[in-house]
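Report on the following structure.
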Amino acid sequence: MTRRAVLSGTGSALPRTRVSNAELAKRVDTSDEWIVERTGIRFRHIAEPDETTGTLGAAAAKEALKAAGLEPSDIGLIIVATATPDNTFPATATKVQALIGAPDCIAFDVAAVCSGFLYAVSVADSMLRTGAAKHALVIGSETFSRILDWEDRTTCVLFGDGAGAIILSAEEVADEAGAKGRGILATRLHAEGQYCDMLYVDGGPSTTGTVGHVRMQGREVFRHAVTNLASVLGEVLADTGLSAEDVDWVVPHQANRRIIDATAKKLGLPAERVVLTVDQHANTSAASVPLALDLAVRDGRIKRGDLVVLEAMGGGFTWGAAVLRV
Ligand code: UT7
């Protein structure tokens, strides 16, 4: 028998307010046509003052607990992937812990921006397999609207707020099940810090003492994204001995429809097997993969036994992918 981290529940939460491209075009020099054509984005949700990374994360966590049939007291590990924490410290994971009423457990944040959820999944997978906990809440939650420069049309139209959560549970899987058995089969993570100026926030506690705003060289990020994502998907599938034909669903980071299409094409993955939410949610950074995963589980597309591939790329640059049998 091998201990694996198995998906036992998903959940998500979106802010109450939804903003269309046309509404944004009243605030900045842009148009619905430009945004749809260049990105595929039509709407994004924007948090009200009472909605934070912590409250959205907790709402998504509660949904995931319900789906898994678990109580907060069952959770031994909480990881929140975020670049927009409620406070510089403590970790937003401890806030989520308090909001859902989970007693003493391990709780910390992971900062890898848009790849944060993939990093968090990989860390949780390792910790569950080595016996640190039985059930882990892995959350991607962001309120990027708080760090956008609303005068900068090259960035402010691209992002949205939201949260997604999954529960991973340590289970013993028969060795002979191999890649047919449930659980996370492989993860791969990367970072290349020499590109940290391509996508960053121009503030922080140790530099300016301010929160700062998102800055991005979009074209450069786009170019690296397609190359890096196609390559990490190839690596992670090779680790499992599987190929693109074995994949039932790809749940990609939702930054830009053109990046998603180009990556899928490079790997020969048909568009019908890719879960798309970028039109409805825009780029919710670390929340985008778990949000899309929850949507596709709840609408019945992703079913028990399916082979699902997750991937993301973001500031750092950081990028990663995971293969799991649901
Ligand atoms: O999650 C982290 C990863 N982030 C990403 O993956 C983002 C990656 N990058 C992208 O998605 C794309 O590069 C963008 C959507 C950001 C930009 O698309 P693009 O096709 O690369 O456009 P561009 O930056 O080359 O800009 C083309 C034109 C420029 O005008 P000129 O210089 O050709 O006259 C921009 O000023 O579009 C202009 N532009 C806009 N026009 C209307 C830029 N933003 C806007 C806008 N509305 N919001």
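Of everything in segment 204-225 that's assigned to a loop (DSSP other than H, G, I, E, B) and of a type in the set (Gly, Ala, Ser), which residue is surrounded by the most Cβ atoms within 10 Å (Cβ to Cβ)?
So the first thing to find is which residues in segment 204-225 are assigned to a loop (DSSP other than H, G, I, E, B), and the list is 204-213, 217.
Remaining after also requiring of a type in the set (Gly, Ala, Ser): 204, 206, 209, 212.
Numbers: Gly204: 13, Ser206: 6, Gly209: 9, Gly212: 15.
Residue satisfying both the conditions and the ranking: Gly212.
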Revision key, fill the gap. For strands (runs of 3 or more DSSP E) lying entirely in segment 96-203, having 1 or more residues that are aromatic (Phe, Trp, Tyr) picks out 106-110, 199-201
Check your understanding: Are there any pairs, at least 6 apart or on different chains, whose C-beta atoms fall under 8 Å, with the first in segment 74-100 and outside the structural domain of Gly160 (by TED's automatic domain parsing) and the second part of a loop (DSSP other than H, G, I, E, B) and β-branched (Val, Ile, Thr), and if so, which?
Key -> none
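Scan the helices (runs of 4 or more DSSP H) fully inside segment 1-83 and keep the ones with 1 or more residues being under 30 Å from Thr240 (Cα atoms). Spell out how you get there, then give the answer.
On the way: elements: 21-24, 32-39, 53-68.
Helices (runs of 4 or more DSSP H) meeting the threshold: 53-68.
From the set of residues in segment 271-326 that are of a type in the set (S, T, N, Q) and away from the ligand (no atom under 13 Å from the Cβ), which is farthest from Asn256 (Cα to Cα)?
Initial filter on segment 271-326 (of a type in the set (S, T, N, Q)): 277, 280, 283-285, 288, 318.
Pick out the ones that are also away from the ligand (no atom under 13 Å from the Cβ) and you get 277, 280.
On the way: Thr277: 10, Gln280: 12 Å.
Applying the filter and picking the extreme gives Gln280.
Give segment 204-219 a look and list any residue that's free of Cβ contacts under 8 Å to residues at least 24 places away in the same chain and more than 6 Å from the ligand (Cβ to nearest atom), or say none. Please lay out each step first, then the result.
Initially, segment 204-219 is screened for residues free of Cβ contacts under 8 Å to residues at least 24 places away in the same chain, giving 204, 206-210, 217, 219.
Across segment 204-219, the qualifying residues are Gly204, Ser206, Thr207, Thr208, Gly209, Thr210, Gln217.
Before we move on, is Ile260 touching a Pro at 6+ places or on another chain (Cβ under 6 Å), modelled with pLDDT of 95 or more and of a type outside the set (Phe, Trp, Tyr)?
Details: touching a Pro at 6+ places or on another chain (Cβ under 6 Å): yes; modelled with pLDDT of 95 or more: yes; of a type outside the set (Phe, Trp, Tyr): yes.
Yes; evaluated as a whole, the condition is true for this residue.
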Point to revise | Unmet criterion (only one of (1) under 18 Å from the mean Cα position of the chain (by Cα); (2) in the same structural domain as Asp86 (by TED's automatic domain parsing); (3) within 13 Å of the ligand (Cβ to nearest atom)) for Thr155 | key: (1)
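The values are calculated or read from the model by the stated rules, or taken from the named source; none is laboratory data. What you see is a predicted model; the values in this text were computed from it and never measured. Neighbour counts run over all protein chains shown; Cβ positions are idealised from the backbone, glycine included.
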